1. Can we say Ala205 is surrounded by fewer than 16 Cβ atoms within 10 Å (Cβ to Cβ), outside the structural domain of Tyr75 (by TED's automatic domain parsing) and of a type in the set (Gly, Ala, Ser)?
2. For the list (1) surrounded by fewer than 19 Cβ atoms within 10 Å (Cβ to Cβ); (2) touching a Lys or Arg at 6+ places or on another chain (Cβ under 8 Å); (3) closer than 30 Å to Trp382 by Cα, I need the number of the one condition that Ala347 fails.
3. Which of the residues that make up segment 251-264 are in a helix (DSSP H, G or I) and closer than 13 Å to Phe43 by Cβ?
4. Given the structure, is Ala131 within 21 Å of Gln156 (Cβ to Cβ) and touching a residue at least 24 places away in the same chain (Cβ under 8 Å)?
5. Find the residue count for segment 101-132, including only residues that are under 29 Å from Gly87 (Cα atoms) and surrounded by fewer than 16 Cβ atoms within 10 Å (Cβ to Cβ).
6. Going through segment 337-354 one residue at a time, which ones are closer than 16 Å to Arg390 by Cα and either polar (S, T, N, Q) or in contact (Cβ under 8 Å) with a residue 60 or more places away in the chain (or both)?
7. Please determine, by comparing only the residues of segment 124-164 that are β-branched (Val, Ile, Thr) and modelled with pLDDT of 95 or more, which one is farthest from the chain's Cα centre (by Cα).
Amino acid sequence: MQPRLRGLLVLLALLVLAACATEPAPAPVRLPASASIPSDAAFPAPPELQPQVEFWSKVYGVWGHNQIALHDDRYLDVIYGVIALPGPVGEGQTAEQKDFVKGHYEALKDLLRQVEFKSAANTPLTPAEQALANYIRKGSGGPGAIAGASERLRSQRGLRERFKQGLEISGRYDAAFRGVFREAGLPEDLAYLPHVESSFQNHAASSVGAVGMWQFMPGTARQFMMLNAAVDERRDPVASAQGASRYLRDAYDRLGSWPLALTSYNHGVGGMLRAQQTFGNDIAAIVRSYSGSSFGFASRNFYAEFLAARNVARNSQRFFPEGVSYESPLNLDRIRLRQTVSAPTLASYYEVNSSELVDLNKAWKPAAQDGRVALPAGTLVWLPAGTVLRLTQRGTADRALVLADPVSTARLR
């Protein structure tokens, strides 16, 4: 039997078993026991959003990058199957693996079309079709979810390894990020947001131009942080966290709801204001019924993804029983320039190797790194830990302070 045909038959059998199961969950793995979905005053978890939150908790903490879930893109508790990619698995997929997934996807789509057509025409279904129809009816969409099910079919690759790596990196920044939001008077749990945006990958860049750990677009970055010929603070995790705190403060002040303010991070404040005009602050109703321009799968799921990321990060021992090796917390000096100065001059003043200084300051553009463009006044600069104290002890702090003011590291903890 051809491997592809055998795989399709396995999938059909899986669907039949899923439809007949007491609990409709065809995936071979489940959420860890007692991993409840967190809810609080700032970030409520409405019951209607629980299927989405549980789905993304599986994406982040259960399904590996060798697994592909085939699911309904609106009723996320309708998971038709989780297939394993054949052969060695890397960041991308081989041509064979893409064909493998495509074959399963198209076979399932054809089957869903048959179920839709026959159900609408009240025509008898085959056993496999009936099993599939029963499974869909048991989901959160109810019997009405059969209509259009083939068009809502979507595939989602597991992100467990990527999320775990993000958790490890977050050890370096979590205290600093929480300090930023605490100082701004905002909920500290906003520090979990990079798990959704970038998995704490500072080099992350989207196809539409969003950059950095906090994924700011250029236009938004210019409103809330420094972006000019010398500096792009989107590439500095802490500076961009401060930019995110300014954005989120503004969004919350305008919307008055943290679920809506967070969703605006993906959809924009204007779009969420329009949704609010019709549905108020009911995030579940917005997710269910709002049909504004560009309010698609990503926007509908953004808040649920945040809740799921927080859930998995808070329950890391349950989701990653093998252990998580968190990086050591950030330990550097930070100064703010009083005046315009070049990077080589700065290195000389603080007696720091130029290449080390450049490596610490990810926000500096190439022209600023080699001194062709000066760093403007107000630029935040990272220095090796103990640099300011060393200069103070040597009696040269007055000379150094001509250029910059120290930024208290206590404010970053």
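1. yes
2. Of the numbered conditions (1) surrounded by fewer than 19 Cβ atoms within 10 Å (Cβ to Cβ); (2) touching a Lys or Arg at 6+ places or on another chain (Cβ under 8 Å); (3) closer than 30 Å to Trp382 by Cα, the odd one out for Ala347 is (2).
3. Result: Tyr252, Trp258, Pro259, Leu260, Ala261, Leu262, Thr263.
4. Here the answer is no, as Ala131 does not meet what is asked.
5. The number of residues fulfilling the criteria is 4.
6. Hits for segment 337-354 are Ser348, Asn353.
7. Ile146
Per-residue answers, yes or no, for (1) out of contact with any helix residue (DSSP H, G or I) (no Cβ under 8 Å at 6 or more places or on another chain); (2) charged (D, E, K, R); (3) within 22 Å of Pro44 (Cβ to Cβ):
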{"site": "Gln201", "(1), (2), (3)": "no, no, no"}
{"site": "Met217", "(1), (2), (3)": "yes, no, no"}
{"site": "Ala221", "(1), (2), (3)": "no, no, no"}
{"site": "Asn266", "(1), (2), (3)": "no, no, yes"}
{"site": "Val269", "(1), (2), (3)": "no, no, yes"}
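The values are calculated or read from the model by the stated rules, or taken from the named source; none is laboratory data. Nothing here was measured: the structure is a model prediction, and the numbers come from that model. Neighbour counts run over all protein chains shown; Cβ positions are idealised from the backbone, glycine included.
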